Amino acid sequence: MASERQPHGDCDPRFRRVRDAFAAQLARPEELGAALCVAIDGRTAVDLWGGHADAQRTRPWTGDTLVNLFSTTKGMVAICAHRLADQGKLDLDAPVARYWPEFAQADKGAIPVRWLLDHSAGLPAVEAPLPPDALFDWDAMTRAYAAQAPWWEPGTRHGYHALSFGWLVGEVVRRISGRSVGRYFRDEIAGPLDADLWIGTPPELDARTAEIVSELPKPEDSGLLTELLAQAKPWALKAFLNPPPGAGGINARAWRAAEIPAANGHGSARALARIYGALASGGTQDGVTLLSPAAIDRARAEQRHGPDNVLPILTTRYGLGFQLGTAAEPIGPNPRAFGHSGAGGSLGFADPEARISFGYAMNRMEMGLFLIGPRATALMNEVYASL
């Protein structure tokens with residue numbers, strides 16, 4: 001077991017301090033398992049992993065361990081939309097209803113696609129209670145959002161579309177491509193790059209998928225959590241809990257198999273760094289082109305910045321489907337770096353100015369009122385300090 005507390009993998013000597021920081025995190029008694037991958041100019045410079053893939057600490061985390069990436073998946077969905085736009089199949093300024101006619105219900109006919117991507121469509125939640133099995137029913141969720149009226153005037157404010165982002169953007173992808181967003185992602189993004197990341201994970205991958213372990217809030221977090229609940233708008237809890245979690249929770253086969261594209265991508269840090277590596281290098285990696293340079297610049301252009309209408313304590317800043325850094329939570333020193341974090345601490349991003357891509361994945365969820373977890377932030381800071 002002691003050996004699992006040490007990092008495995010490779011690390012360019014230039015990034016020795018990154019390896020040291022990763023090793024220090026693994027050595028903490030509360031840590032479980034994690035992986036880190038960093039690429040420069042599309043070439044891997046750091047590829048580390050360690051710890052355990054299960055709460056009982058019986059399964060070592062290996063180089064090909066997969067894990068639920070939660071909202072880090074949103075960045076993958078955004079790439080799908082931008083690829084369609086790059087190909088001239090999707091106009092980001094066109095009404096969503098051009099591609100998804102049913103969406104025009106409840107006075108939503110004028111909402112453009114870009115407002116789905118920048119979290120300003122006013123659709124973070126469904127008001128009518130939904131049964132737990134709706135979480136795994138694509139048609140049920142898209143029907144519910146097509147019928148839902150916006151909670152605020154679209155385009156005037158932004159608020160985190162925690163789960164709805166995946167069904168809203170994913171349905172546009174499905175209507176245009178004729179493929180589910182998970183299938184489109186495999187066919188067009190992950191498959192061509194040989195990236196080990198899935199939205200809708202087949203059962204044969206369960207044996208190498210890590211178990212997610214949640215921790216209870218620390219006493220020092222309780223005041224902040226109370227304040228968040230006190231300030232939250234009526235839709236805030238519905239955004240996360242309607243429908244309620246499905247049977248068996250986030251480690252169940254039903255969760256892994258479903259396409260819940262805002263929250264249940266399963267993959268590796270290595271896959272995140274490889275996909276974002278293409279975007280950090282002009283859009284092409286090993287002869288596979290994901291996006292044009294113009295599409296990358298459009299995707300990371302700031303659209304929204306300020307207090308979040310769903311998470312009122314937090315300031316959020318968005319491009320078109322991607323998180324951008326804020327003063328409180330920068331994504332490195334370059335303000336145009338872009339990517340997405342996930343609940344509990346995962347993170348993937350590209351920094352085209354530094355030509356860096358970064359992927360961090362873990363299975364012990366860390367709770368707190370942050371968007372970018374402290375473990376990923378510490379590692380990211382060491383990467384930039386090593387350049």
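The values are calculated or read from the model by the stated rules, or taken from the named source; none is laboratory data. Quick caveat, the model's predicted, so the values are computed rather than measured. Cβ sites come from the backbone with ideal geometry, for glycine too, and all protein chains shown count toward neighbours.
Quick notes on this structure:
- Number of residues in segment 149-187 that are of a type outside the set (Lys, Arg) and closer than 20 Å to residue 71 by Cα equals 21.
- Taking the conditions (1) buried (at least 17 other Cβ atoms within 10 Å of the Cβ); (2) touching a helix residue (DSSP H, G or I) at 6+ places or on another chain (Cβ under 8 Å); (3) aliphatic (A, V, I, L, M) in turn, residue 378 satisfies each one other than (1).
- For segment 134-159, the tally of residues that are assigned to a loop (DSSP other than H, G, I, E, B) and either modelled with pLDDT under 95 or not aromatic (Phe, Trp, Tyr) (or both) stands at 11.
- In segment 24-51, residue surrounded by the most Cβ atoms within 10 Å (Cβ to Cβ) [restricted to those that are touching a residue at least 24 places away in the same chain (Cβ under 8 Å) and assigned to a helix (DSSP H, G or I)]: 26
- If you filter segment 52-61 down to residues that are touching a Phe, Trp or Tyr at 6+ places or on another chain (Cβ under 7 Å) and in a loop (DSSP other than H, G, I, E, B), you find that the one that is farthest from residue 277 (Cα to Cα) is 53.
- Taking the criterion of being in contact (Cβ under 8 Å) with a residue 60 or more places away in the chain, buried (at least 20 other Cβ atoms within 10 Å of the Cβ) and of a type outside the set (S, T, N, Q), the residues of segment 305-326 that qualify are 308, 310, 311, 318, 319, 320, 321, 322.
- Output for segment 337-370, where each listed residue is in contact with a Ser or Thr (Cβ under 7 Å, 6 or more places away or on another chain), farther than 18 Å from residue 280 by Cα and crowded, with 24+ Cβ neighbours inside 10 Å: 342, 346, 361, 362
- Between 343, 354, the distinction of being of a type in the set (A, V, I, L, M), farther than 24 Å from residue 14 by Cα and in contact (Cβ under 8 Å) with a residue 12 or more places away in the chain belongs to 343 only.
- So residue 77, is it over 16 Å from residue 379 (Cα atoms) and in a strand (DSSP E or B): no
For (1) under 24 Å from residue 194 (Cα atoms); (2) assigned to a helix (DSSP H, G or I); (3) in contact with a Cys (Cβ under 8 Å, 6 or more places away or on another chain), each residue gets a yes or a no:
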residue: 235; (1), (2), (3): no, yes, no
residue: 238; (1), (2), (3): no, yes, no
residue: 261; (1), (2), (3): yes, no, no
residue: 272; (1), (2), (3): yes, yes, yes
residue: 306; (1), (2), (3): no, no, no
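- Selection within segment 288-308 - in contact with a helix residue (DSSP H, G or I) (Cβ under 9 Å, 6 or more places away or on another chain) and farther than 17 Å from residue 76 by Cβ: 292, 294, 298, 303
- Looking only at residues of segment 80-99 that are without any contact (Cβ under 8 Å) to a residue 24 or more places away in the chain and either of a type in the set (Gly, Ala, Ser) or in a strand (DSSP E or B) (or both), we find that the one that is farthest from residue 320 (Cα to Cα) is 97.
- Some residue of segment 311-318 being under 27 Å from residue 65 (Cβ atoms) and either under 14 Å from the mean Cα position of the chain (by Cα) or of a type in the set (Gly, Ala, Ser) (or both): no
- Complete set of residues in segment 123-137 that are under 24 Å from residue 75 (Cβ atoms) and either in contact with a Gly (Cβ under 8 Å, 6 or more places away or on another chain) or of a type in the set (Val, Ile, Thr) (or both): 124, 126, 135, 136
- The set of residues in segment 100-133 being exposed (fewer than 15 other Cβ atoms within 10 Å of the Cβ) and part of a loop (DSSP other than H, G, I, E, B) consists of 106, 107, 109, 110, 127, 128, 129, 131.
- All positions within segment 161-180 that are crowded, with 24+ Cβ neighbours inside 10 Å and either among the basic types (Lys, Arg) or in a loop (DSSP other than H, G, I, E, B) (or both): 161, 163
- Being modelled with pLDDT of 95 or more, outside any loop (DSSP other than H, G, I, E, B) and not β-branched (Val, Ile, Thr) is a description that does not apply to residue 354.
- Residue under evaluation residue 162, criteria (1) closer than 19 Å to residue 308 by Cα; (2) out of contact with any helix residue (DSSP H, G or I) (no Cβ under 7 Å at 6 or more places or on another chain), criterion not met: (2)
- Top-ranked residue of segment 189-226 - restricted to ones that are of a type in the set (Gly, Ala, Ser) and at pLDDT 65 or above, ranked as surrounded by the fewest Cβ atoms within 10 Å (Cβ to Cβ): 207
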